[in-house]
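Encoded as structure tokens, the structure appears first; notes follow it.
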């Protein structure tokens, strides 16, 4: 069955969504909840870049997976990867969701994840990911990202606001308000860009579980 697209005005018309921001900002949780609310397939960059035990996937394999993913009609992609793939993703997306919380919240949430991870694997992380080294990497990334990438991210969302749907979320309360708005948005605006059976076959075979060793 094929359905017509509604004008790309409301939240319900999201098809290609890039979720990004500094480590420990709740991006993975936001991505999971957004996928549940919209029915869009969720892919996490860290899960594409790292395998069991935190083993790094060869760059050429990751780049091919990422390029193939961007050609699909529907996705939510959470994460960074590298500058080149991130900006390719932002260009391909119709919706940008930038999680830009105060830096102390990012630090606090990385610490909370580390403590909880002592008792149970963080939800969605690659199997047997090294909790301590991944958490230490997250702490290192926090300041680097805040100094080098945060200004670029803020410029990006300002410039793209005229041509894409942009959600610049600056607090946990704004994240919740955004998700509440998605929940209330009529789903009738959604459309299927491939035959329904094929869409779900692709999702079953290619969906990547959320999570990752750094973000």
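The values are calculated or read from the model by the stated rules, or taken from the named source; none is laboratory data. The structure presented is a predicted model; accordingly, all values stated were derived computationally and were not measured. For neighbour counting, all protein chains shown are included, and Cβ atoms are generated from backbone atoms with ideal geometry for every residue, glycine included.
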Spans of helices (runs of 4 or more DSSP H) in the range 54-144 with at least 2 residues out of contact with any helix residue (DSSP H, G or I) (no Cβ under 8 Å at 6 or more places or on another chain), modelled with pLDDT under 90 and farther than 26 Å from residue 14 by Cβ
103-117, 131-144
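One line per residue, one yes/no per condition, for (1) more than 21 Å from residue 22 (Cβ to Cβ); (2) out of contact with any strand residue (DSSP E or B) (no Cβ under 6 Å at 6 or more places or on another chain); (3) surrounded by 15 or more Cβ atoms within 10 Å (Cβ to Cβ):
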site: 51; (1), (2), (3): yes, yes, no
site: 59; (1), (2), (3): yes, yes, no
site: 67; (1), (2), (3): yes, yes, no
site: 71; (1), (2), (3): yes, yes, no
site: 84; (1), (2), (3): no, yes, no
site: 89; (1), (2), (3): no, no, yes
site: 93; (1), (2), (3): no, no, yes
